[in-house]
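Student: I have a structure I would like to understand better, so I am pasting it below and will then ask my questions one at a time.
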């Protein structure tokens, strides 16, 4: 995902996110230090892996950009998490929130609705689908709807 001259990449197997500053060609991208997608990352090896990355463009409702990254296979009974990063500091990624989803093996996420107000998340193994409202300017998520009867959701399209 690219925003304001920065490239953000989910590093699936290491549970990290990378940020690169993109300069004019032919210069090489500059790596900004990578960040864990969890406040307390497990020791290696682990089955936990990053799955999806969302970077909604700032708008009038959410003028401050945040990056959303799903973590799957969390052993917690509260389900997998969505990590939320502040992009305010150009020289780093700051993890500001982890939201428990109640879903297992979060695979797909999507963002949509008026001003990208909602994040939909699917649990491939269990939990179905949940819709979260972006709150606190975008640095938090609040569950507002869910359907448990959806089997193995892995991708979403807002229409």
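Nothing in this text is a laboratory measurement; each read-out follows from the coordinates by a stated rule. As the structure is a prediction and not an experimental result, all values here were calculated from the model. Virtual Cβ from ideal backbone geometry, glycine too; neighbours counted across all protein chains shown.
Student: Fewest Cβ neighbours within 10 Å first, please rank 31, 25 accordingly.
Tutor: So the residues, fewest neighbours to most, are 25, 31.
Student: Relative contact order of the chain: what whole-number percent is it, with Cα pairs under 8 angstrom and at least 6 residues apart?
Tutor: 16 percent
Student: Ordered by packing density, taken as the mean number of other Cβ atoms within 10 Å over each peptide's residues, highest first, how do 139-152, 60-73 rank?
Tutor: Numbers: 139-152: 13.4, 60-73: 18.6.
Put in order of decreasing packing, that is 60-73, 139-152.
Student: Relative contact order, percent, of segment 1-57 when contacts are C-alpha pairs under 8 Å separated by at least 6 residues?
Tutor: For segment 1-57, the relative contact order is 36 percent.
Student: Of the listed peptides 51-58, 5-12, what is their order by residue-averaged count of other C-beta atoms within 10 Å, with the highest listed first?
Tutor: With the highest mean Cβ count within 10 Å placed first, the list reads 51-58, 5-12.
Student: Would you mind getting me the FRET efficiency between residue 20 and residue 61? Use the beta-carbon distance for r and R0 = 22 Å, nearest 0.05.
Tutor: 0.20
Student: Also: If packing is taken as the average number of other Cβ atoms within 10 Å across a peptide's residues, how do 103-110, 126-133 rank, most packed first?
Tutor: Ranking, from highest mean packing down: 103-110, 126-133.
Student: Also: Find how many whole Å separate the alpha carbon centroid of segment 83-159 from the alpha carbon centroid of segment 2-38.
Tutor: 21 Å
Student: Also: For residue 4 and residue 28 in one chain, what is 0.36 nm times their gap in residues minus the Cα-Cα distance, to one decimal in nm?
Tutor: Once the chain is fully extended between residue 4 and residue 28, it gains 7.0 nm.
Student: Let's test the formula: R0 of 25 Å, r as the Cβ-Cβ distance of residue 46 and residue 92. What FRET efficiency results, to the nearest 0.05? If you can, show how the numbers build up before the last one.
Tutor: Working: r = 24 Å, r/R0 = 0.96.
The value I calculate is 0.55.
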